[in-house]
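Just below is one structure, and these are the notes that go with it.
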Amino acid sequence: QVQLVESGGGLVQAGGSLRLSCAASGSIFSFNAMAWYRQAPGKQRRLVAGITSGGSTDYADSVKGRFTISRDNAKNTVYLQMNSLKTEDTAVYYCKAAGSLMNYWGQGTQVTVSS
């Protein structure tokens, strides 16, 4: 059973930056991809950014140019660097590990961007 633990969330002013971390209890190299999702109150959970085991990345249009996803296989950790934060980025951010047979989710970390 893989466990994912997110950290790094918090309260930041618009225009500021945060770096989220997702630490896995096992090797992340075995997963097809790792991703960050977010869910704002009353809205569906949506993909923010993803990174494959080969290092290819994908981003939601709303965060392109502002967010960067990266992975450190040696530390079994995935990061989300968030710059130029906007109030609409406020949400609970979740880490996901996509395996061949099943997906794993973290418990989420709250990001609140104030104006």
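The values are calculated or read from the model by the stated rules, or taken from the named source; none is laboratory data. What you see is a predicted model; the values in this text were computed from it and never measured. Every residue, glycine among them, receives a Cβ derived from its backbone with ideal geometry; neighbour counts consider all protein chains shown. What goes into the accessible areas is simple: the full protein's heavy atoms, side chains included, and nothing from ligands, DNA or RNA. Shrake-Rupley method; radii C 1.70, N 1.55, O 1.52, S 1.80 Å.
State all residues of segment 98-115 that are surrounded by 12 or more Cβ atoms within 10 Å (Cβ to Cβ), at pLDDT 95 or above and not aromatic (Phe, Trp, Tyr); if no residue qualifies, say none.
Within segment 98-115, Gly106, Gly108, Thr109, Gln110, Val111, Thr112, Val113 meet the criteria.
Six or more apart or on different chains, Cβ atoms under 8 Å: show the pairs whose first residue is in segment 44-55 and closer than 11 Å to Val78 by Cβ and whose second is open to solvent by less than 70 Å² (accessible area, probe 1.4 Å) and part of a loop (DSSP other than H, G, I, E, B).
Sorted first by the residue in segment 44-55, then by its partner, the pairs are Ala49/Ala60.
Quick check on Ala60: is it surrounded by 14 or more Cβ atoms within 10 Å (Cβ to Cβ) and over 21 Å from Ser7 (Cβ atoms)?
yes
Of these, Ser70, Ser84, which one is touching a residue at least 24 places away in the same chain (Cβ under 8 Å) and hydroxyl-bearing (Ser, Thr, Tyr)?
Ser84
Testing Gln44 on (1) of a type in the set (S, T, N, Q); (2) under 23 Å from Leu85 (Cα atoms); (3) surrounded by 13 or more Cβ atoms within 10 Å (Cβ to Cβ), one condition comes back false. Which one is that?
(3)
Go through segment 68-97 and report how many residues are open to solvent by 20 Å² or more (accessible area, probe 1.4 Å), outside any helix (DSSP H, G or I) and out of contact with any helix residue (DSSP H, G or I) (no Cβ under 8 Å at 6 or more places or on another chain).
12
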